[in-house]
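**Student:** One structure follows; several queries about it will come next.
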Amino acid sequence: MLPSLPRRRFLQTLVGSGALTDQFGIPFLGRLPQVSAQEAQVNPASVRFSPEIEPLVKLLEESPRDQLLEKVGAGIKRGDLPYRDVLTALLLAGIRNIQPRPVGFKFHAVLVVHSAHLASLNSPDSDRWLPLFWALDQFKSSQARDIQEGDWTMSAVDEKSVPEASKARQAFTEAMDQWDAARVDVAVAGLARSAGAQEVFDWFCLYGARDFRDIGHKAIYVANSWRALQTMGWHHAEPVLRSLAYALLEHEDGNPAGRDAEPDQPGRRNGPLADKIRPGWTSGVLNPQARGEMLAVLRTGSQDQAADMVVELLNRGTHPQSLWDACFQAAAEMLMRKPGIVSLHAGTTTNALHYAWQNCHNDRTRRFLLLQNASFLTLFRKASGANEGVLVDSFEPAAAGAPLDPLLAEIGQDKMKAAQQSLAWLQSGGDAKSFIAAAQRLIYLKGTDSHDYKFSSAVFEDYRHLSPDVRDRFLAASVFWLKGSGAPDNPLVARTREALKA
């Protein structure tokens with residue numbers, strides 16, 4: 001397990017650090033300060049980060065919330081803090097300081113880092129830092145909450161118990177199957193040190209999707225931590241994976257390995273069911289009729305019926321794209337019917353599981369991910385109460401599409417009207433890229449919550465992965481959680497711009 005240590009005992013390092021380059025091509029004017037001799041004296045009981053990133057992580061940890069943005073802004077203006085260094089330090093500070101259980105709530109400070117990064121990538125140069133500065137402030141808020149709740153901190157791994165390379169894989173899977181946190185912690189350290197990144201990701205894709213706890217946050221953490229590591233570098237992986245494994249073992253009282261808990265039932269059924277899918281299942285025919293059949297089951301069926309329909313349609317020769325289209329549609333429809341945290345996570349979980357499905361190399365795990373997503377959507381439907389109402393595949397567009405600016409203003413007034421206007425605008429030739437760019441910018445100008453970033457980054461990414469004939473309706477449905485142009489700016493916007501002023 002990951003025991004708690006008081007923060008004052010921290011200094012950390014992770015193995016190695018490659019040369020860091022600026023994500024956006026901003027020229028380096030300097031580097032992070034060298035580590036002093038005092039800083040190099042680390043407590044052997046505490047987790048360690050690399051000395052190259054440690055000073056910046058400590059800056060984030062120790063700076064008061066009302067001073068952090070200004071300190072980071074000063075470092076950026078001096079040329080000392082490249083974008084990637086700030087992103088890396090932000091994630092590691094969250095990993096070190098915020099307990100990953102439950103997988104949500106204050107831990108959103110970690111979950112949202114990659115979403116903020118995606119928003120930064122999609123923003124104009126003038127606003128490039130706004131999402132990341134928002135995430136820095138979010139970290140300080142969550143850090144303060146963690147202190148109030150007991151001041152959890154990640155400790156060092158028990159080195160004497162880390163399995164040797166040849167035994168790490170078996171030790172990891174056995175411990176995960178038994179939900180044994182202490183054994184998992186040392187096993188995942190051994191796995192991080194001995195296995196390739198893709199192999200590790202494939203294992204976590206499997207375990208991140210095995211149970212329906214924390215409304216999808218386990219799968220979301222798998223996807224977002226993996227994606228963040230692609231930017232940060234794999235040499236930072238070990239503490240991230242330890243935090244991730246600890247999060248995936250979150251459960252209610254009673255070891256799930258010894259009982260048949262409801263959150264585990266879809267996975268226990270869908271594991272063997274995955275073997276009934278035909279060879280060559282990743283090819284097939286795009287079939288709107290099959291997509292409609294899948295969507296109908298997701299609207300009214302049980303978790304078992306949804307998984308069975310996946311098997312039936314794939315074995316009938318349907319391309320999996322048609323099934324994913326139905327899953328994305330079902331999630332969007334839930335949000336339209338019952339906007340709220342649960343229905344929102346139907347979408348962000350589908351985004352995470354689809355990302356895992358796209359990037360996982362293990363064929364059986366990929367089958368399992370699709371089955372689990374279908375089963376999970378029926379559980380999201382029941383939990384959210386979104387059992388009836390508007391139909392995402394047939395709601396009528398507005399009689400006349402409004403121009404983009406008035407349309408964005410309508411989002412803050414009448415969500416259904418805004419969705420109908422958005423659909424009319426898109427169907428009449430409106431440029432989806434312009435819609436996405438404008439809506440994304442409103443998130444980091446006016447967004448106040450982690451879910452604003454998580455949802456928008458997910459839905460704008462998912463738009464590109466849907467079949468062309470369903471994209472417009474999916475994008476129009478997204479206005480049920482987007483920000484309208486009439487909402488007030490987040491005060492952090494002015495503070496960030498002031499901190500970065502030349």
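**Student:** Excluding residues fewer than 8 places away in the same chain, name every one of the aspartates and glutamates whose C-alpha is closer than 18 Å to that of Lys417.
**Tutor:** Within the straight-line limit of under 18 Å, Lys417 reaches these aspartates and glutamates: Glu333, Asp393, Glu396, Asp405, Asp472.
**Student:** What distance in nm separates the simple spin-label points at Arg268 and Ile147, each placed 7 Å from Cα in the Cβ direction?
**Tutor:** Inter-label distance under the simple model: 4.4 nm.
**Student:** Something else now. Do me a favour and compute the ellipsoid semi-axes for the stretch 393-440 from its Cα gyration tensor, root of five times each eigenvalue, largest one first, whole Å.
**Tutor:** Each semi-axis is the square root of five times an eigenvalue, giving 15, 13, 9 Å.
**Student:** Taking the alpha-carbon distance from Lys106 and a cut-off under 16 Å, which lysines remain once sequence neighbours fewer than 8 residues away in the same chain are dropped?
**Tutor:** Of all the lysines, those that pass the test against Lys106 - Cα under 16 Å, at least 8 places apart if same chain - are Lys140, Lys218, Lys454.
**Student:** Using only Cα atoms, figure out Rg for the stretch 155-256 and give it as a multiple of 2.2 N^0.38 Å.
**Tutor:** In units of the globular-protein estimate, the stretch 155-256 measures up at 1.00.
**Student:** Quick one: pull the percent of accessible area on the chain belonging to carbon and sulfur, 1.4 Å probe, ligands and nucleic acids left out.
**Tutor:** For the chain, the apolar C and S fraction of the accessible surface comes to 52 percent.
**Student:** Could you work out the helix-only [θ] at 222 nm for the chain, with each DSSP H run of four or more residues adding -39,500 (n - 2.57) and the total divided by the number of residues, to the nearest 500 deg cm²/dmol?
**Tutor:** The helix contribution divided over the chain gives -19000 deg cm²/dmol.
**Student:** By accessible area of protein heavy atoms, probe 1.4 Å, what ranking do Lys454, Lys433 get, highest first?
**Tutor:** Sorted descending by solvent-accessible area, the residues read Lys433, Lys454.
**Student:** Suppose we keep just the alpha-carbon trace of the stretch 68-213; what are its Rg and Dmax in angstrom?
**Tutor:** Considering the stretch 68-213 through its Cα atoms, Rg and Dmax are 17.9, 50 Å.
**Student:** Would you mind checking the radius of gyration and Dmax of the stretch 66-128 based on alpha-carbon positions, in Å?
**Tutor:** Using the Cα atoms of the stretch 66-128, the pair Rg, Dmax is 13.1, 39 Å.
**Student:** In terms of the ratio Rg/(2.2 N^0.38 Å) built on C-alpha atoms, what value belongs to the chain?
**Tutor:** The value comes to 0.98.
**Student:** Would you mind finding the longest exposed-site-free stretch of the chain, with exposed GluC sites (Glu not before Pro) meaning DSSP loop and at most 14 other Cβ atoms within 10 Å?
**Tutor:** 1-148
**Student:** Something else now. So how much accessible area does Thr348 have, in Å² to the nearest 10, using a 1.4 Å probe?
**Tutor:** Rounded to the nearest 10, that gives 10 Å².
**Student:** Okay, moving on. If you find the alpha carbon centre of the stretch 433-448 and of the stretch 242-297, how far apart are they in angstrom?
**Tutor:** About 33 Å separates the Cα centre of the stretch 433-448 from the one of the stretch 242-297.
**Student:** Can you give the accessible area of Trp481, probe radius 1.4 Å, in Å² rounded to 10?
**Tutor:** Roughly 50 Å² of Trp481 is accessible to a 1.4 Å probe.
**Student:** Which whole-Hz ³J(HN,Hα) couplings does the stretch 156-161 yield from phi under the Karplus relation 6.51 cos²θ - 1.76 cosθ + 1.60, θ = phi - 60°, glycine and proline marked x?
**Tutor:** 6, 6, 7, 4, 5, 9
**Student:** What nm distance separates the two modelled labels at Arg316 and Asp260, each placed 7 Å from Cα along Cα→Cβ?
**Tutor:** Simple spin-label model gives 3.0 nm for this pair.
**Student:** Moving on. Could you derive backbone 3J(HN,Hα) for the stretch 137-152 from the dihedral phi with the Karplus parameters 6.51, -1.76 and 1.60 (θ = phi - 60°), listing whole Hz in sequence and x where the residue is Gly or Pro?
**Tutor:** For the stretch 137-152, the Karplus-derived couplings read 5, 4, 4, 5, 5, 5, 4, 5, 5, 5, 4, 5, 8, x, 6, 5 Hz, x marking Gly and Pro.
**Student:** Mind checking the dipole of the chain: about its Cα centre, +1 per Lys or Arg Cβ, -1 per Asp or Glu Cβ, Debye to the nearest 20?
**Tutor:** The calculation lands at about 360 debye.
**Student:** I'd like the per residue volume of the convex hull spanned by the Cα atoms of the stretch 341-382, given in cubic angstrom.
**Tutor:** 43 Å³
The values are calculated or read from the model by the stated rules, or taken from the named source; none is laboratory data. None of the values given here were measured: they were computed from a predicted structure. Cβ sites come from the backbone with ideal geometry, for glycine too, and all protein chains shown count toward neighbours. Side chains included, ligands, DNA and RNA excluded: accessible areas come from the protein's heavy atoms. Shrake-Rupley method; radii C 1.70, N 1.55, O 1.52, S 1.80 Å.
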